[in-house]
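Visitor: Input: one structure, supplied below.
FYI, it's all coordinate maths here, none of it is from the lab. Predicted model only: the values in this text are computed from it and were never measured. Cβ placement follows ideal geometry from the backbone for every residue including glycine, while neighbour counts extend to all protein chains displayed.
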Amino acid sequence: MPQHASSTAAPTVRRRSRGGAPLEKRAFSLHANVIQEARAAVADGLAPNLSAFVEAAVIEKLRRSRRARLYEAYAVAANDPAFMADMEQLTTAYDATAADGL
């Protein structure tokens, strides 16, 4: 007689791909201690599986890299006298609008 799964079994968690993109299998080499810590993080419940944990880490790294590039562009713009003069002119124009109560 076949055995049936217990009704108290944890449901299977399935990841959805970001933006409808299909999942792709790739092989990467990581140091053993990194894998060990990632597996411990999964065991602690930080992700449903190792692939989801690695994907989240890569997404976070990409997000931080984009943010760093954006902040660098802000710094370059802040050191550009022509840009800053233009921003001052725009700010003054908007201050007049704000004073009108709009």
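Visitor: What distance in nm separates the two pseudo spin-label positions at Gln89 and Leu46, each 7 Å out from Cα along the beta-carbon direction?
Guide: Roughly 5.0 nm, to one decimal.
Visitor: Where the eigenvalues come from the Cα gyration tensor of segment 53-93, what are the semi-axes √(5λ) of the equivalent ellipsoid, largest first, in whole Å? Display every interim value, and only then the final one.
Guide: Numbers: eigenvalues 229, 21, 3 Å².
After diagonalising the Cα gyration tensor, the semi-axes are 34, 10, 4 Å.
Visitor: When Rg is the radius of gyration of the Cα atoms in segment 31-99 and Rh is its Kirkwood radius, what does Rg/Rh come to?
Guide: Numbers: Rg = 21.9 Å, Rh = 15.8 Å.
Over the Cα atoms of segment 31-99, Rg/Rh equals 1.38.
Visitor: Could you work out how much longer the chain between Ala56 and Tyr74 gets when fully extended? Use 0.36 nm per residue separation minus the Cα distance between them, nm to one decimal. If you can, show how the numbers build up before the last one.
Guide: Numbers: separation 18, 0.36 × 18 = 6.48 nm, distance 2.69 nm.
That works out to 3.8 nm of additional length.
Visitor: While we're looking at this one, here's another question. Test of the criteria: in segment 17-102, which chymotrypsin sites (Phe, Trp or Tyr not before Pro) are in a DSSP loop and have at most 16 other Cβ atoms within 10 angstrom of their Cβ? Write down the numbers at each step before the final one.
Guide: On the way: sites: Phe28, Phe53, Tyr71, Tyr74, Phe83, Tyr94; in loops: Phe28.
Answer by residue number: Phe28.
Visitor: Sort Asp95, Asp100, Asp86 so the one with the fewest other Cβ atoms within 10 Å of its own Cβ comes first.
Guide: Details: Asp95 9, Asp100 6, Asp86 12.
Taking fewest neighbouring Cβ atoms as first place, the list is Asp100, Asp95, Asp86.
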